[in-house]
Amino acid sequence: MSKEITARSEDYSQWYNDLVIKGSLADYSAVRGCMVIKPYGFALWENMRDALDKMFKETGHQNAYFPLFVPKSLFEAEEKNAEGFAKECAVVTHYRLKADPDHKGKLLVDPESKLEEELVVRPTSEAIIWSTYKDWIQSYRDLPLLINQWANVVRWEMRTRLFLRTTEFLWQEGHTAHATEEEAIAETKKMLEVYATFAEEFMALPVIRGVKTESERFAGAVDTYCIEALMQDGKALQAGTSHFLGQNFAKAFDVKFLNKENKQEYVWATSWGVSTRLIGALVMAHGDDKGLVLPPRIAPFQVVIVPIYKGEESKAVIDAKAQEMMKELQAAGIRVKYDDNDNARPGWKFAEYEMKGIPLRLAMGLRDMENKVIELARRDTSEKQVLPMEGLTEKIKTLLEEIQASLYNKAAAYREEHITKADSWDEFIQLLDEKGGFVSAHWDGTADTEEVIKEKAKATIRCIPLHNEKEEGQCILTGKPSAQRVLFARAY
RNA sequence: CGGGAGGUAGUUCAGCCCGGUAGAAUACCUGGUUUGGGACCAGGGGGUCGCAGGUUCGAAUCCUGUCCUCCCGACCA
């Protein structure tokens, strides 16, 4: 069949692409580096987005929307941030096209329409937002200002991969302003925890909370906190970041407030974001050689019902029962799909929904109806069982929770097995080459050493875990003294 | 942006070397038989051969340019 999936062991990259394309999450588009998110993929994103949005609101944030375009002069105001993104910015230079006099039906950029000031298509919105906050903030009474926006951003990437790295992607970016440093740091950490909770509880994706080293830090940030996840091929993936921006943007955009003592102070800032990249993480963390495996809490459909019938008459009987079950499941808050499409036969549907990662599948035929039972199959374990119809809804609710927990536990066990200590360079390289995963090793704390390791080992410091144990040791490369281990990995 | 591969029916691909009426499988449509792990029979529709130039009596095939994709690197969420 055309829908066969490449095995992970054969070609991991191709396997990933197969899941995304054949699982109907996304498609390639006519635009270089950009993808089309298909309805099934977008439904997944909507579930993720809604859960996160609720968590943001529960922590006091409000949504707003800022422009796609950033005047170049604003963009360059915060120097480090501007430099950090300069190489990947799309720039609008003209605002009009006109008919090409030499080629009928073709258009030309109208040279008359050159913009006086170029517009940068936002790679992130700090500049436009902070220039706005300047007007919004006057006194300590305006603080904290807790804003989030759901938006698209553009980063001109050299090499793209569906969901993991595309030129345009969807994300949310929180931008907050605070009266004190302590409060801003607390906000940064709070939002990191929101991300970690979301990843673990909704995506069943265990993550390591940590701090980035200086060279991996967001341009313009004082500290970048992150959650790092581990994929099945042993590579790490940054799943979310939360930045303590200090007063860098406040100073760049002159955002001051009057404190209780009637004195002007610069505000303290944070920003934090997660993107559609999380979908890539989800695919690679749980998928198998049969297709996607989606965690019940965010799966577009949690249950699919496949009727098995012989002829119109039996179909009508099964339809009626299925509709009844649907109503009951929906009333219990379960997202369910009934596939009575007559074009495809049961076996085809089974394979199709396994590809799409629907957590539970119910198959029901006349025989089952006579016996008042139903066949239930679990996507994650491939287990099948025949259950009484009686009490089915409760059983399904329990099973969905079980699957959610089981996916998390499986991923967590894999990750635990793949955090390995290395105490010599040879061991370090061997672990990266042969085992993969995170390698916990000592590092002398300098950017130079980090750079050399990156070049030689093709691995980066993913993070310094929060609440890291202090342990005296010697740097894996230079042998210089080190106070703690950090996590290295090859990464996406 | 460098190296490699590729773009022909909705999809997967053959045809290209050696120019001469565009093919297969599958999907789709119609009818029928079917339906408990990717059904079968019969009939049918569907392609400006990525796009633009050029060579030629004639181009999917040769030449040039360009766009898009995949894989591997460098850059990055």
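The values are calculated or read from the model by the stated rules, or taken from the named source; none is laboratory data. Source: prediction; values computed, not measured. Here Cβ is always computed from backbone atoms with ideal geometry, including for glycine, and neighbour counts include all displayed protein chains.
Within the stretch A:127-162, restricting attention to residues that are at pLDDT below 95 and assigned to a loop (DSSP other than H, G, I, E, B), which residue is nearest to the chain's Cα centre (by Cα)?
A:Leu162
For the stretch A:230-254, which positions are touching a residue at least 60 places away in the same chain (Cβ under 8 Å) and either among the hydrophobic types (A, V, I, L, M, F, W, C) or in a helix (DSSP H, G or I) (or both)?
Scanning the stretch A:230-254 gives A:Leu230, A:Met231, A:Ala236, A:Leu237, A:Phe244, A:Leu245, A:Asn248, A:Phe249, A:Ala250, A:Ala252, A:Phe253.
Aliphatic (A, V, I, L, M) and either under 33 Å from the mean Cα position of the chain (by Cα) or more than 7 Å from RNA strand B (Cβ to nearest atom) (or both): which single residue out of A:Met364, A:Met369 fits that description?
The match here is A:Met369.
Here's the yes/no breakdown for (1) within 21 Å of A:Phe169 (Cα to Cα); (2) free of Cβ contacts under 8 Å to residues at least 60 places away in the same chain; (3) part of a helix (DSSP H, G or I):
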{"position": "A:Glu261", "(1), (2), (3)": "no, yes, no"}
{"position": "A:Val274", "(1), (2), (3)": "yes, no, no"}
{"position": "A:Met284", "(1), (2), (3)": "yes, no, yes"}
{"position": "A:Val306", "(1), (2), (3)": "no, yes, no"}
{"position": "A:Asp319", "(1), (2), (3)": "no, yes, yes"}
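Identify, by number, the condition in (1) in a loop (DSSP other than H, G, I, E, B); (2) modelled with pLDDT of 90 or more that A:Glu83 doesn't meet.
Here A:Glu83 clears every test but (1).
Counting only residues that are near RNA strand B (Cβ under 8 Å from one of its atoms) and within 17 Å of the chain's Cα centre (by Cα), which one in the stretch A:4-34 is surrounded by the most Cβ atoms within 10 Å (Cβ to Cβ)?
That would be A:Tyr16.
Inside the stretch A:453-489, can you point out the residues that are at pLDDT 95 or above and of a type in the set (Lys, Arg)?
Passing the criteria: A:Arg462, A:Lys480, A:Arg485.
Can you find even one residue in the stretch A:88-106 that is part of a helix (DSSP H, G or I), in the same structural domain as A:Gly220 (by TED's automatic domain parsing) and under 21 Å from A:Gly240 (Cβ atoms)?
no
Would you check which residues across the stretch A:440-492 are assigned to a strand (DSSP E or B) and either among the polar types (S, T, N, Q) or surrounded by fewer than 15 Cβ atoms within 10 Å (Cβ to Cβ) (or both) and list them? Can you show your working first?
First pass over the stretch A:440-492, keeping only residues assigned to a strand (DSSP E or B): A:440-442, A:460-465, A:470-474, A:481-489, A:491.
Passing the criteria: A:Ser440, A:Thr460, A:Lys470, A:Glu471, A:Glu472, A:Gln474, A:Pro481, A:Ser482, A:Ala483, A:Gln484.
Sort through A:Leu170, A:Leu230 and tell me the only one that's within 15 Å of RNA strand B (Cβ to nearest atom) and in contact with a Gly (Cβ under 8 Å, 6 or more places away or on another chain).
Values: A:Leu170 fails: in contact with a Gly (Cβ under 8 Å, 6 or more places away or on another chain).
After ruling out the rest, the residue left standing is A:Leu230.
Which residues, counting only those in the stretch A:369-388, are aliphatic (A, V, I, L, M) and buried (at least 16 other Cβ atoms within 10 Å of the Cβ)?
Correct list: A:Met369, A:Val373, A:Ile374, A:Leu376, A:Ala377, A:Leu387.
Identify, please: which residue in the stretch A:47-90 is without any contact (Cβ under 8 Å) to a residue 60 or more places away in the chain and closer than 30 Å to A:Leu205 by Cα and is, among those, surrounded by the most Cβ atoms within 10 Å (Cβ to Cβ)?
If we take residues in the stretch A:47-90 being without any contact (Cβ under 8 Å) to a residue 60 or more places away in the chain and closer than 30 Å to A:Leu205 by Cα, then A:Lys57 is surrounded by the most Cβ atoms within 10 Å (Cβ to Cβ).
Go through the stretch A:319-330 and count every residue that is in contact with an Asp or Glu (Cβ under 8 Å, 6 or more places away or on another chain) and either crowded, with 16+ Cβ neighbours inside 10 Å or under 16 Å from A:Ile358 (Cα atoms) (or both).
1
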